[in-house]
Each structure stands twice: as C-alpha cells, then as structure tokens.
Amino acid sequence: MTIDHPGTPTPTPPSTPTSATPLSSAAAPERRIGVTGIVFFVVAASAPLTVAAGGIPQSLGVTGILGIPLLYLLVGAVLALFSAGYAAMSRHITGAGAFYAYTAQGLGRTAGVGAAFVALLAYNAMQIGIAGLFGATTAQFIESKAGADIPWWALVFACTAVVGVLGYLRVDLGVKVLAVLLVLEFGTVLIFDIGQFADAPQGISTMPLTWGAATDGSLGVALCCVFAAYMGFESAALYSEECRDPRRTVARATYIAVGLIGVFYAVTAWAMISGAGTGRATQVAAEQGPEMLFFLSDRSSGLGTAFSDFAQLFLITSLLAALLSFHNAVARYARSLGREGVLPRGLGALHPRYGSPYRGSLLQTVVSVVVIGVFALAGRDPVMDVFTWLTNLGALGVILLLLATSASVIAYFARRGEVGEEEVVPVESVWHRLIAPLLSGVALAVFFWLALTNFSVQLGVSEGNPLRWVLPCLILIAAAVGVVWGLWLRRARPEVYAGIGSAAGS
C-alpha cells in the first residue's frame, strides 16, 4: 500500500504523464511584476475608499464602539502574524495556487482541493458582491449629476466587460490601471483625513485608541467588520509565477500591504471620529451610514461639496479597482487547477501573446454575468442583497482559508524539518514555521467563530432568517464537494491526483 504524504507525489509509471508536466499551452507566464505591482493588486482588493465610505461608518454605527481605530491595528497585528508563516511558505512554494497549493502541500491533496473550491466560491462571491455595489453607486451618481436613470445591472454588465478585457490582456496593463486608481483613492482619503483633523469640533482625542473604547460595545461584530476591510491582503501569492523574484517579492508585498492597510484605516477611522466629534461619532455613523464621509466633507470648511463630488467619483473607481483585483485572483486559481488537471486542462492555458490566464478570466466574466443576471431578473436590491449577501459569504470563506493555511504551514514545516530546499531557500526559523502560524491560527479560529455566530447581524436579518444558515452552508458544501472530488481523483485518476499541488510546489 502506498502512503499518501502531503506534498510527496504518488509514484506513477514513467510513460504516464502527470498533471505537473508542463503543457505547451500552459507555459510559464513572463515574470514582469515587482513588489510595488503586487502591492497595488493587494491593496486594490481591500478598496480603501470603499472601506472609508462604507466599512468604517458601519463599524461605528452598528457596534457603537468608539475604539474602531485600535481594532484596525489589532487585526492588522494578527494578520502580520499570519503573514510570517504565509511568507515562509511563499519562499518554498512559488506557484499561483496560493491557498490551494499551501493546503495541498501541508494538509494533503484532498484537503487542498477542498480549499480550492472554497477559494473559487469565496473570491467569486466577493467579486460579484462588489459589482452589485458598483452598479448601485454608479447609477445613483449618474442620476444625481445627469438626471439619467440607468438600471444598476446594465452598469454592472458594462463594468464586467471592462474588467474582463483588462484581465484578458497583459497583467502589467492591470498594474498600470490599478496604480492610477489607487493614487486617486489614497489622495482623496488623505485629503479627507487632514480636513477632519483640522476641523474636529471637539478637538482630537486619543480615546479611540484606548482598550476601554475598543471593548465597549458589540466587540464580536466589530471585529468581523474590521476584518472584512482586509479582504484581499493574502492575494500576493497568486502572482508568484508572474513576479520577478517570487521567493522574496510575495513576502515583502504581503508585509507592506498589511502594514499599509492597517495604519491607513486606523488613521482614517480616527479622523472620521474626530470630524464627527468624539462624543457623537457613533450616533452620526448610525444616522448617516455610507453617506457619513460625504456628510462630513460637505460641512468641512476646507473641503465642501466639490470634494464630495470627486470623492463619489473616486469611490466608483475604487470599486472598479477591487473588481479587477478579485477577477485576477479567480482567473489565477482557475489556471492553477486547470494546469494540474483538477479542473479541465484548457483552463491552465496562457494566452500565446499576452501571457495571461485568459480562459480563467473569461470563465469568471461569464459567471459574473450569469449571477448578476439572476439577481436582476429576481428584482433583488444591488446593495442589501447582492453586495451584503455575497461579500459576507466571501469574507467567511476567506477566514476559513486563512485558518486552514495557518495549520498547513505548521504541518508542512513539521514534516520537512529545518532543512532548506536544496539550499536554494533559507532555513525557516521556529517563529516563522511554528509560533507565528500557531498564534494566528488561534486568533483566526476566534474570528471565524465570531463571524459565524454574528452572521445574521452582518446580513442585517433576524436570527431566524434562513439566509443566516444557508449562506454559511455554501462554504461547507464547497469544501465537501472539493474533498469528494479529490477522493474521486485519487481512485479514478491517480496520475492527476499525484500532481495536486505539485505544479505549485517546490
């Protein structure tokens, strides 16, 4: 009997090609992205202006917690712990599979396929959910400025076409587009922050940075809201095959993105609290909701309505940047699974001219059009239904994937020991291979439990609403289907099963 050790291919006859064998249509992509380019993709997925306009007011208004700025820093610290183990894995596993490859190498091939299916569901849900918000926001903006009443779904279809074209073309074109959009986003939010600190009606207080303020309210819901703002930070590893030095680039980009996002969001939340007045911030957030940023900028002496108009426009481009980032993530997962034969091999092909995972890109575009079409035909609301349902579903799936990855890091290095891979990569310290992933795993398990038990609050429905359990069950169903598919591959297609995770492996 052959023992199936994770990351160790099952022997196959020499004449039988394994799924790790390179296909002519799936040649390695050209390595053209540096640290800065990957940081653009990662930060774009978290949509800074979207968080400033929607995430922070929601955190303040729904939970009544004034210490949201401190919670952004604390969650960032947990994700920095996770990044220590994640970065260590990226130095040994340099393919585009990310969660799929790491889980397959650490916890076994069947678990890896389960993680891959969860990732496909989660990232598709995030991308399509954000598309719903894009449609609603853009339709409202056009109506207020031009008086034209355009259906939200028509705008989503147009945006999906643009994102699909950018995903189909060379990845460096995507980097350039994201660079421009992110500069506009960051500039807008920084100007807003400065204006709020300058016009703080009750002065600038350090109370939002205290532990007492961070725990005075619905802490579980607040942690879920804050954690959702970081979604996409882990996507750096998806570009391993397209960056110039994957053993260093992925780790550096992940650390930079986590630090940048954490500090930026904490400062913006503090500025928003200061601008509203420390004693009234949670009340203003509850009353204004997503309009809080524009409400505060309108009444600021240094900003005014002109700034609000530009901020609304850049919010639309922020959503476009997030859509492009999640689209790219799904396309690369599909390419990795197709290359190894877990999904149809045609998905593993790269475009002969652009070097992009174009078939995965086309597949994600089709999925988006179909799902948005279903919601539109059903007459569902693009924000309350499409955005809220799907982004919370996606966030729950990503938390589960982060937890599985932390366990995979520990298992992978426990099996390999301290020996560097053929002396190509450095020996990993006990901090990177055990302590940091263990600590982050415990914290992520708590986050997952809090997200699950507070899911009805996140959706804005009653505890007895079926959606409260139907949506989380989709995550479990995706994982179960993936595991069953992996077991079937082991029995019916052993040559494919032997290569699961290996094309991304070391």
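The values are calculated or read from the model by the stated rules, or taken from the named source; none is laboratory data. The shown structure was predicted, so the numbers you read here are calculated from the model rather than taken from an experiment. Reconstructed Cβ throughout: ideal geometry from the backbone, glycine too, with neighbour counts over all protein chains shown. Note: areas computed on protein heavy atoms with side chains; ligands, DNA, RNA excluded. Shrake-Rupley method; radii C 1.70, N 1.55, O 1.52, S 1.80 Å.
List of remarks:
- Accessible-area composition of the chain, carbon plus sulfur, in percent [1.4 Å probe]: 67 percent
- Where only alpha carbons of the chain are counted, the Rg and the Dmax (Å): 22.3, 76
- Tensor-based shape of the stretch 54-136 (alpha-carbon gyration tensor, a/c under 1.5 rounded, otherwise prolate or oblate): oblate
- FRET E, pair Phe310, Ile435, Förster distance 41 Å, beta-carbon r, rounded to 0.05: 0.35
- Accessible area per residue for the chain is 38 Å², calculated with a 1.4 Å probe on protein heavy atoms, without ligands, DNA or RNA.
- Other-chain or far-sequence residues with amide H under 5 Å of Leu343's (modelled H): Gly338
- For Ile33, the residues whose amide H sits under 5 Å from its own are Cys243, Arg244, ignoring neighbours fewer than 5 places away on the same chain, with H placed 1.01 Å from N.
- Ellipsoid fit via the Cα gyration tensor, the stretch 120-171: semi-axes of 24, 14, 7 Å, each the root of five times an eigenvalue, largest first.
- Cleavage-rule hits, GluC sites (Glu not before Pro), the stretch 427-506, DSSP coil, Cβ neighbours within 10 Å at most 14: Glu463
- Prolate/oblate/rounded call for the stretch 327-477, Cα gyration tensor, a/c under 1.5 rounded: oblate
- Using θ = phi - 60° and Karplus 6.51 cos²θ - 1.76 cosθ + 1.60, couplings along the stretch 66-76 (whole Hz; Gly, Pro as x): 7, x, 4, x, 5, 5, 4, 5, 5, 5, x
- Sequence-separation-based contact order of the stretch 60-126, relative, with Cα cut under 8 Å and 6+ spacing, percent: 16 percent
- Radius ratio Rg over Rh of the stretch 126-214, counting only Cα atoms, Kirkwood formula for Rh: 1.13
- Taking the stretch 243-328 and dividing mean pair separation by its residue count, relative contact order in percent (alpha carbons under 8 Å, at least six apart): 13 percent
- Theoretical FRET efficiency, 1/(1+(r/R0)^6), r = Cβ-Cβ of Ser144 and Ser301, R0 25 Å, to 0.05: 0.60
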